[in-house]
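Each remark here refers to the structure printed beneath this line.
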Amino acid sequence: MGFCGKMCHLLFMRLLPILVVAVAAFIGWLGSQEVPEGTFFATLIPVLGGYLPPPITGPWTTPGTKEVPADLAPVPRPVGEILLKLPGGSQMPANGLGMCCRPTAYDPESVRRTVLWYLLLGGRHIDDADVYWNHGPVGEAIHEGVARGVPRSEIFVTTKLFPRFYGQNATVTAVHRFLKELGLDYLDLVLMHAPAHPLGAYGECVGKSYKECRQETWQALSSLRAQGLIREIGVSNFNVRQMEEIRELQAAPIAANQFQFNPWVPDWLLETYAYCQQHGIVVTAYASLGMFFQKAQTETVATLKDLASTHGKSVSQVLLRWALQKKVSVIPGTGNPKHMKENLEVYGFQFSDAEMASIDALRSDPSGKAFFFTPQDDS
Ligand SMILES: NC(=O)c1ccc[n+]([C@@H]2O[C@H](COP(=O)([O-])OP(=O)(O)OC[C@H]3O[C@@H](n4cnc5c(N)ncnc54)[C@H](OP(=O)(O)O)[C@@H]3O)[C@@H](O)[C@H]2O)c1
C-alpha cells in the first residue's frame, strides 16, 4: 500500500467512523437539552476562542473574568446617561451589557462576576436571552448587586424568547421558566429573538404560517405584560413587514427592536432603523463593536482611529457614541471590567454632524463589506 493508500485507509476506515459516531452522539445529546440551540452556542463559541466548552467540560477552573473585590461599593451611574422612554412607562438605560457570543459569556462564574462588576461600575441595563445559556448566574449577580446597594428598580433586564418556544402555551411556560431561572418576579423587556426558527416551523407553530405563529406569540406576551410579569415587549431581527404584522394586531405596542447596527450594516437594516425611529420603537444595536470575531478589525479603520485620537477616546467609544447619537441603545459585550468602564464612559463628548457623516460614509468603503452582517429572514 502506497502513502495515500495508508492515509486513506486510516482516514476512511478508522477516523471517519469515529467522527461520524462522535457527531451523532453530540447531536443526540444536544436533543436531550432543554434549549439545544443555547447548549450548541455555549459549546461552539468557547471552542472557537480556544477555551474549554463549559456544557461539556464543566465550569472553568480559572474564570475568564477577575474576582470582584468583596469591599467594592457601587459607583454612581454615568453622568449625562441617556434614558430611552418605552411605551409601558419604563426607561431603558441606553448603555447596556451584552451577555453572549464571547467565551466568557458561558462560564458560569465568569458570567456572575461580569454582571456584578457591571452593576457596581454604574451600568444598569443587562441584555440576556434564553439561548445564552446563562440566566442562572446572571440572576445570581443581580441579587448580589441588589444586596450591595444597587436598587432592583434601576436595573433593566432584557431576555429573549427563542422561536423554539413560540406559540401560546409554549411562550407562557417559557417566560415563567425565565423568571424562575433569573430569580426575578418581573422582567423589564422580553423580545421575540428572531422572526422564525432557523430550521423552519417548530413546536406549536407546526402547521401554522410564520405570521400566525408570531402573532399568537405576541398575544401571549401581551397577556403576560398585562399580568405585570413583563414590563415591555419587543422583537429582534424583525424587518419592517414583520413589525407591521405585529402592529396590525393592536395588542401591546412594540417597545424595541434589537438588530445588528454598526456603520457597515446592509440596506434592509437601515430601512428597519428608519421605520423604528418613525414609529417610536427603540432600536437596540448588537455587534456595535464588530463582535468577538471582528473586534480587532474595527481597530484598523483609519476614520475611526482619527476620530478616537481627536477626541482622546478609543475606537470602541467612537462606535458606541456614534450609535447613541443616532438614538440607538448599545449593549457591547465584554467580560473585562476595564472594557466595561470604558464602554460606560461615552457621555462626556459629542460628534459634530460632519464627524457623524464621516462614520456613516464607512458603509460605502468596500473594505467594510468584510464585516459580518445579519442576513434578512423574510419568513
Ligand atoms: N438579538 C440577537 O440576535 C443578537 C445577536 C448577537 C448579539 N446580541 C447581543 O448583543 C450583544 C453585543 O454583541 P456582541 O457581544 O456579539 O458583539 P460586540 O459588542 O460588537 O463585541 C464584543 C467583543 O468586543 C470586545 N470588547 C468589548 N468592549 C471592548 C473594549 N472597550 N475594548 C476592546 N474590546 C472590547 C469583547 O471582548 P472582551 O470580553 O475581551 O472585552 C468582545 O469580544 C451580545 O453580547 C448580545 O447580548 C444579540
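When the GluC sites (Glu not before Pro) in the stretch 29-73 are filtered for DSSP coil states and for at most 16 other beta-carbon atoms within 10 Å of their beta-carbon, the remaining sites are 34, 67. Say we join alpha carbon atoms closer than 10 Å with springs in a Gaussian network model of the chain; which of 94, 73, 196 then has the biggest fluctuation? Maximum among the listed residues: 73. Of all beta bridges that DSSP places with both ends in the chain, some 10 percent have antiparallel geometry. The shape of the stretch 1-136 can be summarised by an equivalent ellipsoid whose semi-axes, obtained from the alpha carbon gyration tensor, come to 43, 17, 13 Å from longest to shortest.
Averaged over all directions, how much area does the convex hull of the C-alpha atoms of the stretch 121-162 cover when projected, in nm²?
For the Cα atoms of the stretch 121-162, the hull's average projected area reads 2.9 nm².
When +1 charges are put on Lys and Arg Cβ atoms and -1 charges on Asp and Glu Cβ atoms, the dipole computed for the stretch 17-370 relative to its Cα centre reaches about 140 debye.
Of all complete DSSP H helices in the chain, those with a Cα span along the helix axis of 20 Å or greater and a mean Kyte-Doolittle hydropathy of -1.0 or more are 16-31, 168-182. Positive end of the dipole of the chain (Cβ unit charges, origin at the Cα centre): among 142, 170, 20, the Cα lying farthest that way belongs to 20.
Just need the Rg to Rh number for the stretch 187-290, please, alpha carbons only, Kirkwood Rh.
Values: Rg = 13.8 Å, Rh = 14.3 Å.
Result: Rg/Rh = 0.97.
About the Cα centre of the stretch 21-124, how large is the charge dipole given +1 on each Lys and Arg Cβ and -1 on each Asp and Glu Cβ? Please answer in debye to the nearest 20. Could you put the intermediate results ahead of the total?
Working: 7 positive and 7 negative charges, 61 e Å.
Roughly 300 debye, rounded to the nearest 20.
Over the Cα atoms of the chain, each weighted equally, I'd like the Debye log10 I(q)/I(0) at q = 0.14 Å⁻¹, rounded to two decimals. Listed by q, the Debye log ratios stand at -1.26.
When the charge dipole of the chain is built from unit charges on Cβ atoms (+1 for Lys and Arg, -1 for Asp and Glu) and taken about the Cα centre, the candidate among 200, 282, 333 whose Cα reaches farthest toward its positive end is 333. Distances between placed amide hydrogens fall under 5 Å for residue 232 paired with 189, 190, all partners being 5 or more residues away or on another chain.
Look at where the Cα atoms of the stretch 178-207 and of the stretch 289-366 average out, and the two centres are 31 Å apart. What FRET efficiency would be calculated for the residue pair residue 219, residue 7, taking the C-beta separation as r and a Förster radius of 51 Å, to the nearest 0.05? Using R0 = 51 Å, I get an efficiency of 0.30.
Where a number appears in this text, it was derived from the coordinates with a stated rule and is not lab data. Just so it is clear, the structure is predicted and the values come from calculations on it, not from any experiment. Here Cβ is always computed from backbone atoms with ideal geometry, including for glycine, and neighbour counts include all displayed protein chains.
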